[in-house]
Amino acid sequence: IAGITQAPTSQILAAGRRMTLRCTQDMRHNAMYWYRQDLGLGLRLIHYSNTAGTTGKGEVPDGYSVSRANTDDFPLTLASAVPSQTSVYFCASSRTSGSVTDTQYFGPGTRLTVL
Amino acid sequence: EDQVTQSPEALRLQEGESSSLNCSYTVSGLRGLFWYRQDPGKGPEFLFTLYSAGEEKEKERLKATLTKKESFLHITAPKPEDSATYLCAVPGNTPLVFGKGTRLSVIA
């Protein structure tokens with residue numbers, strides 16, 4: 001069982017380009033999340049999905065969009081990348097959302113540099 | 001506003017020198033507190049969940065405790081392989097609100 005996979009591992013992108021970060025989980029978890037991690041700011045939630053077909057905004061959603069067509073996949077799209085989106089992006093999943101017992105499990109991350 | 005504050009930001013220990021990391025939080029109606037370990041270049045790895053004040057959990061050299069306003073991660077006789085960033089998080093206005101972490105270095 002792989003858990004959560006993310007692709008690509010790293011990417012250098014020109015400003016203004018469109019980019020989709022991929023996330024797939026094989027744990028049949030209902031909830032999935034996207035975070036960005038920046039030095040000095042910690043992990044911040046971008047978007048989340050409680051179940052397939054639904055999405056919600058996190059703390060820093062501007063400039064990002066997500067979709068949840070099925071249980072396993074949760075892609076994050078930057079429609080027109082800007083240098084401030086340079087960061088490490090982590091995808092996570094949990095069995096459900098809102099329950100005190102549900103642990104979030106994280107993928108290995110995607111390091112994105114926007115020039 | 002939900003807040004999670006971790007201290008110290010960085011901690012350097014000699015191998016075998018025990019210490020504690022602190023995580024304080026301001027959320028209404030605590031629904032659990034999570035501790036993670038993160039190694040450089042990797043995603044956070046789950047360590048513990050604590051649900052109520054007074055609860056304790058242990059794993060190898062780590063013991064996590066919880067009070068009504070804070071949690072401690074006690075590290076007993078640490079080894080160099082315990083070097084990592086330790087994150088705590090609580091459910092809040094977003095599914096999890098994370099602290100900025102404590103970067104632990106254990107020197108042989």
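Among the candidates B:Lys42, B:Lys63, B:Lys68, single out the residue that is assigned to a loop (DSSP other than H, G, I, E, B), away from every other protein chain (no Cβ under 14 Å) and either modelled with pLDDT under 95 or surrounded by 13 or more Cβ atoms within 10 Å (Cβ to Cβ) (or both).
Details: B:Lys42 fails: away from every other protein chain (no Cβ under 14 Å); B:Lys63 fails: assigned to a loop (DSSP other than H, G, I, E, B).
On inspection, the qualifying residue turns out to be B:Lys68.
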Looking at (1) loosely packed, with under 13 Cβ neighbours inside 10 Å; (2) at pLDDT below 95, which one does B:Glu56 not meet, given that it meets all the others? (2)
Candidate set from region B:90-108 (those that are more than 8 Å from every other protein chain (Cβ to nearest Cβ) and small (Gly, Ala, Ser)); member that is nearest to B:Gly41 (Cα to Cα): B:Ser105
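Please note which strands (runs of 3 or more DSSP E) are completely contained in region A:1-52 and include at least 2 residues that are of a type in the set (A, V, I, L, M, F, W, C) and closer than 19 Å to A:Asp73 by Cα.
A:4-7, A:19-25, A:31-38, A:42-49
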So which residues in region A:60-98 are within 14 Å of another protein chain (Cβ to nearest Cβ), under 24 Å from A:Ala2 (Cα atoms), of a type outside the set (Lys, Arg) and part of a loop (DSSP other than H, G, I, E, B), if there are any at all? A:Phe74, A:Thr96, A:Ser97
Sole exception among (1) of a type in the set (A, V, I, L, M, F, W, C); (2) farther than 21 Å from A:Thr9 by Cβ; (3) in contact with a strand residue (DSSP E or B) (Cβ under 8 Å, 6 or more places away or on another chain) for A:Leu43, by number: (2)
Under 6 Å between Cβ atoms, which residue pairs at least 6 apart in sequence (or on different chains) link something in region A:13-40 that is at positive phi with a partner that is of a type in the set (Ser, Thr, Tyr)? A:Gly16/A:Ser80
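The values are calculated or read from the model by the stated rules, or taken from the named source; none is laboratory data. Note that the structure is a prediction, hence the values are computed from the model and not measured. Cβ: placed from backbone, ideal geometry, glycine included. Neighbour counts: every protein chain shown.
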